[in-house]
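The next block holds one structure in the form of structure tokens; read it before the comments.
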Amino acid sequence: MATCKFGEDIVKCIIGLYEHRQEDSYNKKGLMFDFLLLQMHLHHPHGAREGEGAAYAYNWDKWREQLKNIYALVDTEIHNIQRNKNKVTELKDNFLQLAVEVCKQVFEGTSNVLDMTNIPGLNETMSYSMTKKRRIVAGIQAVTDFLSQDTWVWLCVLSSLLSKYPCVLKLEEFSALLRQLAELQSSCKDSIVMGYLC
């Protein structure tokens, strides 16, 4: 329980160290993703949801806020990778695992849009402008709606998420996702994207 409390207290500070640069000579991002992934595993072992016996938090309200912050960081990193798609052609394993774990928790939540207040430290490093409140799409349906050839990172995250946690995909979301993937596959010319579609 003490490690959960420690994580709940420090996650926001750790996220404040984020830098959008893909070049990371000191592996700060890798260490940050490892720490956040550890927190996900401590709070949600084997993907356990809040209210299930295996999920732990010292303060659930505080941890829910931290989950939103971690998801915002993942969303920001995905945007930055997409922007630098010529430099980045595959995701680091620790980032992909973190994205899968946080997406499982957020996507199974009640809302498909997260309203985020400013995240200190993260806003200054982001490569795209951000208003006082940031609306972040969350959920399989929301991600499906904007899938395109330019979103290979989301394809990779969705592929890993559905492989590890197939129950995240609700029956009513299945046909829309399948239709969008088939559409992408028929029009795809990018070998990276095709690798995730096949």
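The values are calculated or read from the model by the stated rules, or taken from the named source; none is laboratory data. All values derive from a computational prediction rather than experimental measurement. Reconstructed Cβ throughout: ideal geometry from the backbone, glycine too, with neighbour counts over all protein chains shown.
Filter region 40-60 down to residues that are in a helix (DSSP H, G or I) and touching an Asp or Glu at 6+ places or on another chain (Cβ under 8 Å) and give me whichever is nearest to K164 (Cα to Cα). If you could, list the steps in order and put the result at the bottom.
The first filter runs over region 40-60 and keeps only residues in a helix (DSSP H, G or I), leaving 40-43, 45-47, 60.
Those still in the list that are touching an Asp or Glu at 6+ places or on another chain (Cβ under 8 Å) too: 40-41, 47, 60.
Numbers: M40: 15, H41: 14, G47: 9, W60: 25 Å.
The residue in question is G47.
Within region 37-59, being buried (at least 17 other Cβ atoms within 10 Å of the Cβ) and at positive phi holds for one residue alone: G47. For L91, the conditions (1) loosely packed, with under 15 Cβ neighbours inside 10 Å; (2) at pLDDT below 95 are fulfilled apart from (1). Within region 169-191, the set of residues being within 14 Å of L147 (Cα to Cα) and either in contact (Cβ under 8 Å) with a residue 60 or more places away in the chain or of a type in the set (A, V, I, L, M) (or both) comprises A176, L177, L178, L181, A182, L184. In this structure, is N27 of a type in the set (S, T, N, Q) and on the phi > 0 side of the Ramachandran plot? For N27, the condition - of a type in the set (S, T, N, Q) and on the phi > 0 side of the Ramachandran plot - is met.
Would you confirm whether or not region 78-94 contains a residue that is touching a Gly at 6+ places or on another chain (Cβ under 7 Å), touching a residue at least 40 places away in the same chain (Cβ under 8 Å), farther than 27 Å from C167 by Cα and part of a loop (DSSP other than H, G, I, E, B)? Explain how you work it out, then say what you get.
Initially, region 78-94 is screened for residues touching a Gly at 6+ places or on another chain (Cβ under 7 Å), giving 92, 94.
With touching a residue at least 40 places away in the same chain (Cβ under 8 Å) added as a condition, the list becomes 92, 94.
Right, trim to farther than 27 Å from C167 by Cα and you get none.
No - not one qualifying residue is present in region 78-94.
In region 1-36, of all residues being assigned to a loop (DSSP other than H, G, I, E, B) and modelled with pLDDT of 85 or more, the one that is surrounded by the fewest Cβ atoms within 10 Å (Cβ to Cβ) corresponds to L17. Within region 143-165, being over 21 Å from S191 (Cβ atoms), at pLDDT below 75 and of a type in the set (A, V, I, L, M, F, W, C) holds for one residue alone: F146. When Q105 is tested against (1) in contact with an Asp or Glu (Cβ under 7 Å, 6 or more places away or on another chain); (2) modelled with pLDDT of 90 or more; (3) not hydroxyl-bearing (S, T, Y), exactly one condition is not met: (1).
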